[in-house]
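Asker: Below is one structure. I have some questions about it.
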């Protein structure tokens, strides 16, 4: 008698829907939020390098980044403050590296290139930070 009850039919129809919802949740999962792990990612070393392209002068920041979290990160966005000899901020740059991969509990080298707007002598120091990253396990 329970099998013929309408509530049983409705329950039986919802079982596949729950499976579909779980599959969609996994498909569109964005992974862990970077903000919760930002203190576990640090720039351990960086240096300035100057260059030229066909169209402009460049300033590059080359360095090493360390990840002490259990999460691997991709599409890392770097923020760089440039300072002159007096310690005054004189330029800023932000760039996402969509191909950059930072392994969990690992270290990696990075390079960020910007068009230089001021003379080389104005770029004396730099401060690099990571402002955004995506969980490497996430599809989106």
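Asker: Build a GNM of the chain with springs between Cα atoms under 10 Å: which of 14, 118, 110 gets the top mean-square fluctuation?
Answerer: Greatest mean-square fluctuation among the candidates belongs to 14.
Asker: What's the extension gain from residue 35 to residue 115 if we count 0.36 nm per residue and subtract their Cα-Cα distance?
Answerer: Details: separation 80, 0.36 × 80 = 28.80 nm, distance 2.84 nm.
Length gained between residue 35 and residue 115: 26.0 nm.
Asker: Ok, one more. Taking the Cα centre of each part, how many Å lie between the stretch 41-64 and the stretch 79-128?
Answerer: 6 Å
Asker: Multiply the residue separation of residue 127 and residue 107 by 0.36 nm, subtract the distance between their alpha-carbon atoms, and state the gained length in nm to one decimal.
Answerer: Values: separation 20, 0.36 × 20 = 7.20 nm, distance 1.83 nm.
Contour length minus the Cα-Cα distance gives 5.4 nm.
Asker: So, one more: Using Cα springs under 10 Å in a Gaussian network model of the chain, which residue among 119, 16, 103 shows the largest mean-square fluctuation?
Answerer: 16
Asker: Can you sort 99, 37 so the residue with the fewest Cβ neighbours within 10 Å comes first? Provide the component values of the computation, followed by the final result.
Answerer: Working: 99 8, 37 17.
So the residues, fewest neighbours to most, are 99, 37.
Asker: Report the label-to-label distance for residue 5 and residue 98 in nanometres (one decimal), using points 7 Å from each Cα along the Cα→Cβ vector.
Answerer: Here the answer is 5.5 nm between the modelled labels.
Asker: For residue 14 and residue 64, calculate 0.36 nm times their separation in residues minus their Cα-Cα distance, and state this gained length in nm to one decimal. Show your work: numbers first, answer last.
Answerer: Values: separation 50, 0.36 × 50 = 18.00 nm, distance 5.10 nm.
Working it through step by step, the gained length comes to 12.9 nm.
Asker: Return the calculated 222 nm mean residue ellipticity for the chain, to the nearest 500 deg cm²/dmol, obtained by summing -39500 (n - 2.57) across DSSP H runs with n ≥ 4 and dividing by the residue count.
Answerer: After summing the helix terms and dividing by residue count, I get -5500 deg cm²/dmol.
Asker: What ranking do 96, 77 get, fewest neighbouring Cβ atoms within 10 angstrom at the top?
Answerer: Numbers: 96 15, 77 18.
Ordered by Cβ neighbours within 10 Å, fewest first: 96, 77.
Readers should treat all values here as calculations from the given coordinates under stated rules, not as data from a laboratory. All values reported here derive from a predicted model rather than from experimental measurement. No Cβ is skipped: glycine too gets one built from the backbone with ideal geometry, and neighbour counts run over all protein chains shown.
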